[in-house]
1. Does segment 80-90 hold any residues that are assigned to a loop (DSSP other than H, G, I, E, B) and either at pLDDT 90 or above or under 14 Å from residue 109 (Cβ atoms) (or both), and which are they?
2. If I ask for residues that are in a loop (DSSP other than H, G, I, E, B) and surrounded by fewer than 11 Cβ atoms within 10 Å (Cβ to Cβ), which ones from segment 128-149 would you list?
3. Do you know which residues across segment 57-114 are over 11 Å from the mean Cα position of the chain (by Cα), over 23 Å from residue 143 (Cα atoms) and surrounded by 16 or more Cβ atoms within 10 Å (Cβ to Cβ)?
4. Identify, from the list 34, 54, the residue that is surrounded by 13 or more Cβ atoms within 10 Å (Cβ to Cβ) and part of a helix (DSSP H, G or I).
């Protein structure tokens, strides 16, 4: 019930953001967005494409890829800095940080106000215009740690 309510809230925000940005609501865009926000694994475009293709067989990879990039452009998604050669997407646009497992490549969301409160170093603040900051912790996740010992 709680998950369904969250999905409905996200879809309402999705519809509003698309309308505000003059982006047509197509079945493909709606399904791509649903797959993105229902995933907590920070999927690649290819993973989302495979999931969407099960429901919309004639969708192309190019459509999924361009749609994800458009979602990033209008603030419906973010690109997560991974260590691989492909982009990973995050449907959670609320401020948070990440943990990246160097073994299984899993990306885990971290919500901690203390990380949000870190000040920009003075040397950067004087020379550059910092728009956003993200903290990424690299290490071994709980599942890999458990399997290693």
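The values are calculated or read from the model by the stated rules, or taken from the named source; none is laboratory data. All values derive from a computational prediction rather than experimental measurement. A quick note on method: Cβ atoms are made from the backbone with ideal geometry, for glycine too, and the neighbour counts reach across all protein chains shown.
1. Once the filter is applied, which keeps residues that are assigned to a loop (DSSP other than H, G, I, E, B) and either at pLDDT 90 or above or under 14 Å from residue 109 (Cβ atoms) (or both), segment 80-90 yields 81, 82.
2. 128, 129, 130, 131, 132, 149, listed by residue number.
3. Hits for segment 57-114 are 59, 63, 64, 65, 67, 70.
4. After ruling out the rest, the residue left standing is 34.
Yes or no, residue by residue, for (1) more than 28 Å from residue 17 (Cβ to Cβ); (2) in a helix (DSSP H, G or I); (3) free of Cβ contacts under 8 Å to residues at least 60 places away in the same chain:
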site	(1), (2), (3)
63	no, yes, yes
69	no, yes, yes
75	no, no, yes
92	no, no, yes
98	no, no, yes
109	no, no, no
118	yes, no, yes
126	yes, yes, yes
